[in-house]
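The values are calculated or read from the model by the stated rules, or taken from the named source; none is laboratory data. All values reported here derive from a predicted model rather than from experimental measurement. Counting neighbours? That spans all protein chains shown, and the Cβs are built from the backbone with ideal geometry, glycine included.
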Amino acid sequence: MSRKLEKQLIVGLDVGTSKVSAIVGEVGSQGDLEIIGFGSHPSRGLKRGVVVNIESTVQSIQRAIEEAELMAGCQINAVWVGIAGSHVENKVSNGVANIKEREVSQDDVDRVMDSARAIALPDGQRILHVQPQEYVIDGQDGIREPIGMSGVRLEAKVHIVTGALSAVNNIMKCVERCGLHVEGIILEQAASASAVLSDDERELGVALVDIGGGTTDIAVYVDGALRHSSVVGIAGDQVSNDIAVILRTPAHAAEQIKINHACILRGEGGDEAIEVPSVGERPPRRITRRSLSEIVEPRMDEILVHARDILRRSGYEELIRAGVVLTGGSARMNGLVDLAEEIFQMPVRLGVPQRATGLREIVQNPQHATGVGLLLHGIEQMTRGNVTGRGTEISALPLWDQMRRWFKGNF
Ligand SMILES: Nc1ncnc2c1ncn2[C@@H]1O[C@H](COP(=O)(O)OP(=O)(O)OP(=O)(O)O)[C@@H](O)[C@H]1O
Ligand SMILES: [Mg+2]
């Protein structure tokens with residue numbers, strides 16, 4: 001049962017508002033990714049993407065990790081963690097460096113990126129993500145791959161995403177309390193984008209809208225680079241809450257009704273009846289699917305209009321030639337793509353994780369776009385040599401030890 005580790009294992013930990021999931025991937029010699037383990041546990045310690053209760057978050061992480069270890073037959077020591085939340089901000093910065101040998105080398109690129117990173121940050125903020133948008137060599141702009149080009153002066157225009165240090169520290173604290181090493185912190189939008197967007201879409205211009213439980217995360221890519229990222233503090237949880245309040249049904253029943261029956265009908269069809277449990281001793285009631293649609297539609301509409309307004313304000317709306325890609329658990333609602341096309345007035349598709357093989361139910365679920373994307377980002381960082389390589393320490397755990405850990409966690 002224990003797995004021989006000639007291949008490298010990598011683990012992504014998506015600490016979301018609704019669920020914590022751990023995904024174990026096996027990295028092939030060509031950098032290809034096969035998902036071999038998965039664990040998920042409801043998340044209770046986060047609000048709008050930010051940790052508000054360390055104890056509950058630690059417990060959810062532990063459960064998710066144990067489950068993933070058991071499935072993959074390994075012990076997890078190190079993880080790539082996602083970060084999101086409304087504390088995330090965007091900045092654009094420029095860096096300059098001389099080209100030492102008159103031909104751009106990796107060292108010159110590293111120096112110009114360091115120079116671009118050297119920005120004055122407000123107190124309590126730290127850099128989460130740095131992405132070069134273009135390089136300029138001796139005044140010639142629009143260069144994507146500067147290495148090997150001749151010149152004396154190298155400039156870089158970079159997009160920098162910053163986040164609240166406290167939010168980052170809290171999430172790291174939770175992960176480290178579980179005895180795990182944090183390989184890297186990755187912006188969740190960038191992770192989801194790696195999993196669901198094609199290179200062509202990123203080149204042409206695309207907006208990714210990840211509608212989760214607590215937050216809706218937006219990322220805009222134009223000419224292959226991240227140009228803007230934003231977070232809206234409403235998502236699927238509010239939809240469930242609307243159902244609970246309007247139908248006077250318990251929260252868990254509202255969540256189930258939403259997942260099993262909610263769809264966007266826009267006034268058409270939906271005569272079939274749905275049973276709605278009541279609170280207290282009262283008997284259950286029945287409503288039509290159309291009535292349910294009338295409850296969920298205004299909130300989904302509000303979320304998408306928010307996302308569209310952000311896109312407009314970002315100044316990139318005109319450049320989004322490949323349209324919008326919806327992902328995240330709430331994007332699974334039937335009829336949402338059509339509603340989004342009407343609101344954005346551009347083509348919209350549902351984004352499911354690609355570029356990974358293995359456990360199909362994970363790979364093909366928009367809810368796990370962030371989790372799979374964390375692995376893809378991690379692989380990219382590993383191939384660039386930007387990490388300590390602790391992930392390789394993930395060691396095979398005898399079956400008995402796995403069982404013992406699992407029992408300890410569950411009983
Ligand atoms: N089939 C479905 N139809 C509608 N909503 C769904 C469906 N499946 C899951 N959801 C909703 O998706 C949401 C969870 O999505 P996801 O797992 O992407 O969120 P998260 O990553 O935990 O949270 P966040 O990213 O906001 O921190 C929940 O609100 C859940 O009700
Ligand atoms: Mg999420």
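Residues are listed down the side, and each one gets a yes or a no for (1) buried (at least 18 other Cβ atoms within 10 Å of the Cβ); (2) farther than 25 Å from Q133 by Cβ; (3) in contact (Cβ under 8 Å) with a residue 60 or more places away in the chain; (4) away from ligand 2 (no atom under 16 Å from the Cβ):
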{"position": "V220", "(1), (2), (3), (4)": "yes, no, yes, yes"}
{"position": "A235", "(1), (2), (3), (4)": "yes, yes, yes, no"}
{"position": "A244", "(1), (2), (3), (4)": "yes, yes, no, yes"}
{"position": "Q256", "(1), (2), (3), (4)": "no, yes, no, yes"}
{"position": "S278", "(1), (2), (3), (4)": "no, yes, no, yes"}
{"position": "I295", "(1), (2), (3), (4)": "yes, yes, no, yes"}
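Take A78 and tell me if it is over 19 Å from the mean Cα position of the chain (by Cα) and aliphatic (A, V, I, L, M). Break it down stepwise before answering.
On the way: over 19 Å from the mean Cα position of the chain (by Cα): no; aliphatic (A, V, I, L, M): yes.
No: the conditions fail for A78.
This table checks each residue for (1) surrounded by fewer than 22 Cβ atoms within 10 Å (Cβ to Cβ); (2) acidic (D, E); (3) within 30 Å of E66 (Cβ to Cβ).
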position: G124; (1), (2), (3): yes, no, no
position: N169; (1), (2), (3): yes, no, yes
position: L204; (1), (2), (3): yes, no, no
position: L208; (1), (2), (3): no, no, no
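Does R44 satisfy the condition of being modelled with pLDDT under 90 and either within 17 Å of the chain's Cα centre (by Cα) or crowded, with 22+ Cβ neighbours inside 10 Å (or both)? Spell out how you get there, then give the answer.
Values: modelled with pLDDT under 90: yes; either within 17 Å of the chain's Cα centre (by Cα) or crowded, with 22+ Cβ neighbours inside 10 Å (or both): no.
Here the answer is no, as R44 does not meet what is asked.
So V58 passes all but one of these: (1) within 19 Å of H377 (Cβ to Cβ); (2) surrounded by fewer than 22 Cβ atoms within 10 Å (Cβ to Cβ). Which condition number does it fail?
Just one mismatch for V58, condition (1).
On the given criteria, is S240 under 19 Å from the mean Cα position of the chain (by Cα), within 16 Å of ligand 2 (Cβ to nearest atom) and crowded, with 19+ Cβ neighbours inside 10 Å?
So S240 does not fit the description; no.
Does E342 fit the bill of being surrounded by fewer than 17 Cβ atoms within 10 Å (Cβ to Cβ), acidic (D, E), outside any loop (DSSP other than H, G, I, E, B) and at pLDDT 95 or above? I'd like the intermediate steps shown before the answer.
Numbers: surrounded by fewer than 17 Cβ atoms within 10 Å (Cβ to Cβ): yes; acidic (D, E): yes; outside any loop (DSSP other than H, G, I, E, B): yes; at pLDDT 95 or above: yes.
Judged against the criteria, E342 is a match.
Can you tell me how many residues within the stretch 184-209 are part of a strand (DSSP E or B) and either more than 25 Å from S93 (Cβ to Cβ) or more than 16 Å from ligand 1 (Cβ to nearest atom) (or both)?
4
Yes or no: the stretch 155-166 includes at least one residue that is more than 29 Å from the chain's Cα centre (by Cα) and of a type outside the set (D, E, K, R). Full working, then the answer.
Going residue by residue through the stretch 155-166, those that are more than 29 Å from the chain's Cα centre (by Cα) are 155.
After this cut, where a residue has to be of a type outside the set (D, E, K, R) as well, the list is none.
So far as the stretch 155-166 goes, no, none of its residues is more than 29 Å from the chain's Cα centre (by Cα) and of a type outside the set (D, E, K, R).
Could you please let me know if V79 is within 25 Å of A193 (Cβ to Cβ), crowded, with 17+ Cβ neighbours inside 10 Å and either at pLDDT 95 or above or touching a strand residue (DSSP E or B) at 6+ places or on another chain (Cβ under 9 Å) (or both)?
Spelling it out, V79 is indeed within 25 Å of A193 (Cβ to Cβ), crowded, with 17+ Cβ neighbours inside 10 Å and either at pLDDT 95 or above or touching a strand residue (DSSP E or B) at 6+ places or on another chain (Cβ under 9 Å) (or both).
Looking at I35, I65, which is the one that is crowded, with 19+ Cβ neighbours inside 10 Å, more than 13 Å from ligand 1 (Cβ to nearest atom) and under 14 Å from L180 (Cβ atoms)? Steps first, please.
Values: I35 fails: under 14 Å from L180 (Cβ atoms).
Going through I35, I65 in turn, the sole match is I65.
Could you tell me whether any residue of the stretch 135-145 is in contact with a strand residue (DSSP E or B) (Cβ under 6 Å, 6 or more places away or on another chain), closer than 20 Å to Y221 by Cβ and buried (at least 19 other Cβ atoms within 10 Å of the Cβ)?
Within the stretch 135-145, one or more residues are in contact with a strand residue (DSSP E or B) (Cβ under 6 Å, 6 or more places away or on another chain), closer than 20 Å to Y221 by Cβ and buried (at least 19 other Cβ atoms within 10 Å of the Cβ).
When the stretch 86-106 is examined, which residues are found to be out of contact with any Asp or Glu (no Cβ under 9 Å at 6 or more places or on another chain) and within 16 Å of ligand 2 (Cβ to nearest atom)?
Within the stretch 86-106, S86, H87 meet the criteria.
Assess whether S198 counts as being closer than 22 Å to F344 by Cβ, buried (at least 17 other Cβ atoms within 10 Å of the Cβ) and of a type in the set (S, T, Y).
No; evaluated as a whole, the condition is false for this residue.
Please verify whether the stretch 206-217 includes one or more residues that are within 12 Å of ligand 2 (Cβ to nearest atom) and within 26 Å of G385 (Cα to Cα).
Checked the stretch 206-217: no residue is within 12 Å of ligand 2 (Cβ to nearest atom) and within 26 Å of G385 (Cα to Cα).
Any chance the stretch 303-314 includes a residue that's assigned by TED's automatic domain parsing to the domain that holds G214 and more than 17 Å from V206 (Cα to Cα)?
Yes, the stretch 303-314 has at least one match.
Can you find even one residue in the stretch 298-318 that is farther than 19 Å from Q189 by Cβ and either of a type in the set (G, A, S) or within 16 Å of ligand 2 (Cβ to nearest atom) (or both)?
No, the conditions are met nowhere in the stretch 298-318.
If S192 passes every condition in (1) in the same structural domain as A331 (by TED's automatic domain parsing); (2) touching a Ser or Thr at 6+ places or on another chain (Cβ under 9 Å); (3) under 20 Å from P353 (Cβ atoms) but one, which one does it miss?
With (1) in the same structural domain as A331 (by TED's automatic domain parsing); (2) touching a Ser or Thr at 6+ places or on another chain (Cβ under 9 Å); (3) under 20 Å from P353 (Cβ atoms) applied to S192, the lone miss is (1).
Is it the case that some residue within the stretch 88-101 is among the basic types (K, R) and within 16 Å of ligand 1 (Cβ to nearest atom)?
no
Which residue is nearest to ligand 1 (Cβ to nearest atom), if the candidates are limited to the stretch 354-366 and must be at pLDDT below 95 and crowded, with 21+ Cβ neighbours inside 10 Å?
To start, the set of residues in the stretch 354-366 that are at pLDDT below 95 comprises 354-365.
If we keep only those that are crowded, with 21+ Cβ neighbours inside 10 Å too, we end up with 356, 363.
Working: A356: 17, V363: 15 Å.
Among residues in the stretch 354-366 that are at pLDDT below 95 and crowded, with 21+ Cβ neighbours inside 10 Å, the one nearest to ligand 1 (Cβ to nearest atom) is V363.
Just to check your reading of the model, which residue among V15, V11, V20 is modelled with pLDDT of 90 or more, crowded, with 24+ Cβ neighbours inside 10 Å and touching a His at 6+ places or on another chain (Cβ under 6 Å)?
Numbers: V15 fails: touching a His at 6+ places or on another chain (Cβ under 6 Å); V11 fails: touching a His at 6+ places or on another chain (Cβ under 6 Å).
Among V15, V11, V20, only V20 is modelled with pLDDT of 90 or more, crowded, with 24+ Cβ neighbours inside 10 Å and touching a His at 6+ places or on another chain (Cβ under 6 Å).
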